[in-house]
Amino acid sequence: MPSSEEWKTSTKSEALSIMEGELASLLNTSPDAKLDHYKMELSGFRNLFARFLRAKPTVDWSKIEPLPEGAIRPYKSLGTVSAKDIIAAQLRKLVVVKLNGGLGTSMGCKGPKSVISVRNDLTFLDLTMQQIQTLNKTYGVDVPLVLMNSFNTNEDTSKVLKKYSNVKVSVHTFSQSQYPRINRETLLPIVKSLDGDDNECWYPPGHGNFYEAFHNSGLLDKFIADGKEYCFLSNIDNMGATVDLSILNFVLNPQAEQEAPEFLMEVTDKTRADVKGGTLIQYEGRLMLLEIAQVPKDYVDEFKSISKFRIFNTNNLWAKLSAMKRVVTENKLEMEVIVNPKHLDRGLDVIQLETAAGAAIKSFRGAVGVNVPRSRFLPVKKTSDLLLLMSNLYDIDNGSLTLSHQRSFPTTPLVKLGSSFDKVKDYLGRFNGIPDLLELDHLTVSGDVWFGKDVSLKGTVIIIANHGDRIDIPPGSILENKIVSGNLRILEH
């Protein structure tokens with residue numbers, strides 16, 4: 001009788017063999033014009049599927065080692081450069097990449113998330129363009145902007161980009177891979193033919209696909225030939241992810257007796273709002289990104305502990321282009337596979353195999369983390385994030401948002417808006433003007449609540465409309481440390 005491990009190995013081997021047969025059959029259905037494209041895509045998918053079969057679902061908790069000294073550097077230790085000609089020379093070696101594959105559906109918007117208005121009717125893409133154009137004008141350079149789209153956002157983004165024809169930014173786009181969704185029971189693709197347009201059968205495999213897709217697009221080789229050395233990669237919805245000249249100087253001009261890191265991850269201090277964020281650990285002799293999905297159940301609370309794992313990944317990443325080419329062409333990328341289960345409208349349960357860009361850290365030499373200020377992590381995932389950025393908490397200057405100097409302490413308020421605010425259209429309709437949040441610590445709103453103009457919120461404010469009730473906050477109201485429930489207002493001290 002075979003042991004359970006032998007049985008698992010043989011069934012996995014069989015699953016890979018069956019998948020390879022299925023992919024070969026699928027290629028026979030491809031239109032001739034797209035055959036080379038699908039060969040490359042399905043080859044990448046096959047390798048990801050093989051890694052999924054090989055991988056252990058969680059880490060061995062006992063093998064986690066303390067981070068070696070210098071693995072995470074304080075941002076203040078990096079030093080600065082002030083000479084304009086040196087900064088310009090360094091910027092000429094940089095490529096800025098924004099991850100632009102996401103849709104705005106979770107916030108009730110159609111099309112790419114990057115076209116949602118953030119401030120003064122300016123979208124994420126507008127603000128990004130302004131930032132790069134300002135950098136280029138200030139230093140007399142031409143830092144290119146690259147957008148990694150998905151098949152969900154590619155067409156709409158191409159249309160939107162036409163309005164920037166007068167903007168002094170060189171924009172390049174490419175699409176990340178398009179992989180087939182897998183039936184959860186059979187572990188086979190649900191797509192039956194490549195000669196169709198059933199998008200529900202396909203998915204973009206996470207931002208870890210960036211390295212291969214960037215290489216396959218030809219842009220990686222182009223930028224290396226142009227003399228570029230590093231790329232700065234970040235989510236387009238992170239309004240804090242601007243080009244940082246201190247980090248750029250650090251990767252291009254390392255301090256004495258140090259080699260330039262091939263990979264740098266910006267991390268920041270964890271708060272109670274970030275307990276699920278991935279963290280850096282030392283594992284099997286290498287720096288590794290540990291995501292909550294890889295943590296054994298018995299250790300999840302320990303993983304969430306702010307005292308043990310004090311930092312998390314902002315997904316602001318810097319990578320050396322020549323090193324990226326090496327790890328891709330030598331097939332050295334070892335990123336943990338994330339299994340994302342989905343239930344489709346047609347009633348089918350599927351899984352998507354994905355990877356995260358930060359997980360590539362262990363494939364690069366001399367990788368390092370830098371503990372950056374929280375201001376470099378301003379993601380917009382919900383309308384509560386949008387409320388902060390639209391308010392007077394942030395000043396806007398040439399596309400960059402910074403915390404107002406009028407706020408007396410450097411932390412941002414904790415805001416929780418109820419489900420009636422989930423969609424951008426509903427959220428905007430419920431605020432007849434964005435409140436003054438300069439002195440706010442905590443806001444919780446639940447139920448059918450509407451805000452008049454010129455409202456000011458200070459300290460801790462909790463507004464709860466019970467089922468069937470409606471609460472209107474009158475124009476000009478100042479709510480300071482108050483609980484508002486129904487028609488009751490209880491002053492909190």
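Under the classification rounded if a/c is under 1.5, otherwise prolate if a/b is larger than b/c and oblate if not, where does the range 55-162 fall, given a ≥ b ≥ c as square roots of the Cα gyration tensor eigenvalues? It would help to have the intermediate numbers written out before the result.
Working: a/c = 2.40, a/b = 1.11, b/c = 2.16.
Oblate, because a/c is 1.5 or more while a/b does not exceed b/c.
Overall, the ratio between the Cα radius of gyration of the range 322-373 and 2.2 N^0.38 Å, rounded to two decimals, is 1.62. Comparing Cα centroids, the range 244-297 and the range 403-478 end up 35 angstrom apart.
Could you estimate the translational diffusion coefficient of the chain from the Stokes-Einstein equation, with Rh from the Kirkwood formula over C-alpha pairs, at 25 °C and 0.890 mPa s, in whole µm²/s? Could the numbers behind the result be given before it?
Numbers: Rh = 24.7 Å.
Using the Kirkwood radius from Cα pairs, D works out to 99 µm²/s.
Starting from the Cα gyration tensor of the range 48-106, take the square roots of the eigenvalues, sort them a ≥ b ≥ c, and report rounded, prolate or oblate (rounded when a/c is under 1.5, otherwise prolate if a/b is larger than b/c, else oblate). Oblate is the answer for the range 48-106, as a/c is 1.5 or above yet b/c matches or exceeds a/b. Principal-axis analysis of the Cα atoms of the chain puts helix 35-54 at an angle of about 80° to the longest axis. The base-10 log of I(q)/I(0) for the range 397-454, evaluated at q = 0.28, 0.29 Å⁻¹, reads -1.18, -1.20 [Debye formula, identical scatterers on Cα atoms, solvent excluded]. Taking all Cα pairs closer than 8 Å and separated by 6 or more residues, the relative contact order of the range 347-493 comes to 15 percent.
For the chain, the longest principal axis of the C-alpha atoms and the axis of helix 4-27 are separated by about 90°. Computed from Cα positions, the angle between helix 124-139 and the longest principal axis of the chain comes to roughly 90 degrees.
Leaving ligands, DNA and RNA out of it, report the carbon-plus-sulfur percent of the accessible area of the range 291-432 at a 1.4 Å probe.
On the way: 3310 of 6800 Å².
Answer for the range 291-432: carbon and sulfur cover 49 percent of the accessible area.
Label-to-label distance, K163 versus T271, with points set 7 angstrom from Cα along the beta-carbon direction: 3.2 nm.
Rg(Cα) of the range 236-317 divided by 2.2 N^0.38 Å? Working shown, then result.
Details: Rg = 14.8 Å, N = 82, 2.2 N^0.38 = 11.7 Å.
So the range 236-317 has a normalised radius of gyration of 1.26.
Per-residue accessible area (protein heavy atoms, 1.4 Å probe) orders K162, K39, K113 as K162, K39, K113, starting from the largest.
The values are calculated or read from the model by the stated rules, or taken from the named source; none is laboratory data. What you are looking at is a predicted structure, and each value in this text was computed from that prediction instead of being measured. Note that each Cβ is placed from the backbone with ideal geometry, even for glycine, and that neighbours are counted across all protein chains shown. In case anyone asks, the SASA skips ligands and DNA or RNA and just uses the protein heavy atoms, side chains included. Shrake-Rupley method; radii C 1.70, N 1.55, O 1.52, S 1.80 Å.
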